[in-house]
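First comes the structure, then the notes that go with it.
Readers should treat all values here as calculations from the given coordinates under stated rules, not as data from a laboratory. Treat the numbers as computed from the prediction; the structure is a model and nothing was measured. Positions of Cβ are backbone-derived with ideal geometry, glycine not excepted, and every protein chain shown enters the neighbour counts.
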Amino acid sequence: MNRFVERLRQISVRRRLMYAFVILCALPLVALMFVSAGFEYWYGQNNARKNYENFAYESSIRVNDVFDQLELKFDYLVKNNDVLTDLYLYSSTEEYQTVAVVNRIENTIASIMSTKDEILYTAIGLENEESFMYPKNQSAAWYMSAESGDIQSAGWYYNPKEGQAMFYRMEEIEIDYIHEVEAVFVMVLDQQILEGILRDATGSYKQRLVIKNNNGRVIVGRGFEQDITSKIHVITHPIGETGYYIESSFLVEAYNWQGVWTTLILFVIVLFVAGGTLYLVNESIRLPLEALLSRIDAINNDKEQSSDLMTMEAYPKDEHGILNREFTSMLRRLDRILQETYKSKITEAELRTRIKELELIDLQQRINPHFFYNLLDNVFWMTQMKGYDEIGEMVSALGGFFKTSVSEKGAYVTIGTEVENAKSYVRLQEIMHKNQFNAIWSIEPEILHHKTVKLVLQPIIENCINHGFEGVEEGGMIRINGYKEKNQILFEISDNGKGMSEATCQKIREKMNSAQLGVGDSIGMRNVNQRIKIYFGEAYGIHIQSKLGVGTTVSLTIPIKE
């Protein structure tokens, strides 16, 4: 990434913007144009096929519904007991060969078949060439078709004879099993009505419907003209079990390039607008930078007066204005520093003299503690020689306390050193308070080598003695426990003093954690708490619990530090 940025910085800002424009605008727009055109073409073709299939399916449903109704009516006529009985009696008994019987048969045919407009006529023929039909004004062309030898079984037939072309349903029914007398039932369809049904069943002006037989011959309807140059999409569906099928033809139009042209025009417009915007952005960056560079060049060549350098102009609020304002402010600060340096009376010799004084003070601070320790040591031996054991013990404890407090350099000491320092202080207090209290120490040896901040136990013990045992003559007890708990070290300093109420305890907690220190506040406890938090973090410090008349427990937590 850094190498790429460094290479970019080798070229001008104008070229960087131009490359960004090509990568982020021009190339995506070109890719979008081609992808959009491809998706539009694919979607158009795919959607057109789905539409063709839906239209063809809906058309086949409507046409099949018409033929299903015709089949139901024809089947009802063929299986009608009244018609079959009259035909049997008419063919076997001369007494029933009357006009009344003929009219009854034809009226029954009419009542069954007359509700369908697509039926041209319906007829029943006997072997003696007698026939019954509705309506009566139709010719007996059906009988001629039957005699032509085309009929082999019950079903649908088409007679293409010129002037006699018919599409009909025919079935032979045996009405006299003894004499093997049969009747031929014929239902002839009106082809003009069927063509109207096909036209009504189309779902689009680009669709044509025709009925064809298995040989591909058109029975009903007209398709598109043969000289049409457009591509034709054909879908077929069978018409029930008739042996014929519906052919749906669709005109497939050529791909419409309007969407591509629209995308191209938008591309040119966006390219022009983006290019103009890029030019304006480039100029807004270039002109202020050139002005700033000219100003820096003038300063380097001392072409501007100092008063001109300090002038704060009304710069715009963009990054260039911020840069100019900061540059002017920097010049002012530099001028002020130069003037202060020029006016300063501190010479190199005076600085060296001050350094020597500090070195002497440091040496003196190192000598004074040793003198103090030697003096205490001499006092201790003199008291021992004179028999003042208690005074000697106090001097020894005081020496040990000050040795840790003053001599140890740095902020950290070992826990062992801190404990010894606290023990020296406690021993001093025990002697001073005439054994008013006793101290019990319980420190785990494994924590003694770890580090802690210097002087954290003594201020807490001091508070226990001064405040906890105030007014107590004897029987006081201080317990100092130190142990490791998980990844931290815990000290607990508890006493059996007078304790304090929860409200008082809460005030002390607030003062220890406050940044402001008032008169009379516990300076030692607050100092310990703040130093622990500074050196180890906010998660560590002092926690106080107390109960009035029972005593106080102060917990101190620090992390394990080698």
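Between Ala165 and Leu292, what length in nm is gained on full extension when 0.36 nm per residue of separation is reduced by their alpha carbon distance?
Values: separation 127, 0.36 × 127 = 45.72 nm, distance 9.91 nm.
So the chain would gain 35.8 nm between Ala165 and Leu292.
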Per principal axis, descending, Cα span of segment 45-141 in whole Å: 71, 26, 22
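Between Ala411 and Asn438, 0.36 nm times their residue separation minus their Cα-Cα distance comes to what?
Details: separation 27, 0.36 × 27 = 9.72 nm, distance 2.98 nm.
Gain on stretching Ala411 to Asn438: 6.7 nm.
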Pop a pseudo-label 7 angstrom from the Cα along the beta-carbon direction at both Phe267 and Thr98 and give the gap in nm to one decimal. 9.1 nm
So what are the ³J(HN,Hα) numbers for segment 154-159, from phi and the Karplus equation (6.51, -1.76, 1.60; θ = phi - 60°), rounded to whole Hz, Gly and Pro as x? 5, x, 9, 9, 10, 10
Report the FRET efficiency, 1/(1 + (r/R0)^6), for Glu562 and His467, where r is their Cβ-Cβ distance and R0 is 35 Å, rounded to 0.05. 0.50
HN-Hα J in Hz across segment 326-336 - Karplus 6.51, -1.76, 1.60, θ = phi - 60°, x for Gly and Pro: 5, 5, 5, 4, 4, 5, 4, 5, 5, 5, 5
For Asp82, project a label point 7 Å along Cα to C-beta. Then give me every residue of segment 93-133 with its amide nitrogen under 14 Å of that point. 101-114
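Grab the beta carbon distance between Arg49 and Arg325, set R0 = 41 Å, and tell me the FRET efficiency rounded to 0.05. Show your work: numbers first, answer last.
On the way: r = 67 Å, r/R0 = 1.64.
Plugging the Cβ-Cβ distance into 1/(1 + (r/R0)^6) gives 0.05.
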Length gain on complete extension for the stretch Tyr57 to Ala110, per 0.36 nm per residue less the alpha carbon to alpha carbon distance? 15.8 nm
Could you go through segment 525-541 in sequence order and give the Karplus-derived ³J(HN,Hα) for each residue, using 6.51 cos²θ - 1.76 cosθ + 1.60 with θ = phi - 60°, rounded to whole Hz, and x for Gly and Pro? 4, 5, 4, 4, 4, 5, 5, 4, 5, 5, 7, 10, x, 5, 6, 10, x
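Looking only at Cα atoms, what is the convex hull volume of segment 472-559 per residue, in Å³? Walk me through the numbers on the way to the answer.
Working: hull volume 9.3 nm³, N = 88.
For segment 472-559, the hull spanned by Cα atoms encloses 105 Å³ per residue.
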Local electrostatic count at Tyr483 - Lys and Arg +1, Asp and Glu -1, tallied over other residues with Cβ under 10 Å: -3
Two pseudo-spin positions, 7 Å from Cα along C-beta at Arg217 and at Ser514, lie apart in nanometres by 11.6 nm
With the crude spin-label approximation of a point 7 Å out along Cα→Cβ, what separation in nm comes out for Arg3 versus Leu278? 2.7 nm
